[in-house]
Structures are given as structure tokens and as C-alpha cells.
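Quick note: the coordinates plus some simple rules give every number you see, no bench work behind them. Please read these numbers as outputs of a predicted model, since none were measured by experiment. In this analysis, Cβ positions are derived from the backbone assuming ideal geometry, glycine residues included, and neighbour counts consider all displayed protein chains.
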Amino acid sequence: MTRVYYQRKRMLSQSNLFLAYVFQDYSNDFNSGSYPTWLLFSPASEVNQNPALLKETATKVLSIKGRKDLSKEDETLRKLVEEPLSDCSFVEIPSSLSGNHLVYLSIVYVHPERIPSFHLGLALICSAPSLSKEVLYLPLKFYPDELKNAYIKGEFIC
């Protein structure tokens, strides 16, 4: 086993679960394996209790695509959202777009073998920022049965 395997195993065992709102993905016909997805999440309990706030923030983030009249902070975010090969973890969304809530953007690769019915919208993620800046999708096999069934049917939405 590799060092990365043991780091990831430790991260998973000590991570917290968060709701995330996946608002964008990128795949192409040449790559049938893993592909990047853009998601928003928050450690704030008020946001996790009301995931519609993440969806609203995603709408605002997507609205800056293609715009030229942006602040330096928003311009950096626009580039991360527009560029298919972007890579970031824990990029704080400006409060003007997040409704003054602490919301992070991360680009996370989805592995179809772990989440065969993956789709945009709500998902569960694992994060342990004190150990790693990595954010991972919780594999579907670890979802509670009720959430797993709702996710597969596309009913785990906000």
C-alpha cells in the first residue's frame, strides 16, 4: 500500500460528513474514468440544515461565468469555475455570493465505480481540514439506506 492510501484512510477515519451541492461537472468522450466536479459546502450548521442556501450560492457563482466586470476576488473564482482543468480545495466563496455564509468551493474527482448513479445536486462529502485539504465524496455504500435509496432515485435534492 502507498503513503497516499494510508493518508486517505486516516483522513476518512477522522473526517466529518458535510452536505455538498454539486453544480458542475466536466467529462469528455475520451475519458470514461474519473472526472472533475465543482461543489460547494459549508462547515456552518445553519447551511447544512438548509442546503437550499448552497443551491442559491451555486446559482450566483454560475452567474459570474463569462463576465468581465468583476472584482479581483470574483475574477479568480470565475477562472476556477470556467476552466475545466482547474484544481482547488477550500476556496472561500465571497460573502456577496454566499449570502454572508461561510461556503467553500472544491473541485473533486468523482469515481463512477464508487458512486455509479452520480448526479449533480446534493451529495455527502468527507473532509478533515486539519489533516488534509482533500475533499472526497462519501462512497454510496456508506450512505445510510434511506439516503442511499433517495440518492439513487434522484430524490435527495433541495
Residues satisfying the stated conditions in segment 85-97, i.e. under 15 Å from the mean Cα position of the chain (by Cα) and within 19 Å of Tyr26 (Cβ to Cβ): Ser86, Asp87, Cys88, Ser89, Val91
Could you say whether any residue in segment 122-141 is without any contact (Cβ under 8 Å) to a residue 40 or more places away in the chain and farther than 30 Å from Arg3 by Cβ? no
Evaluate the following for Val103: is it touching a residue at least 60 places away in the same chain (Cβ under 8 Å) and surrounded by 15 or more Cβ atoms within 10 Å (Cβ to Cβ)? yes
Evaluate segment 46-66: report whether one residue or more is assigned to a loop (DSSP other than H, G, I, E, B), loosely packed, with under 12 Cβ neighbours inside 10 Å and among the aliphatic types (A, V, I, L, M). no
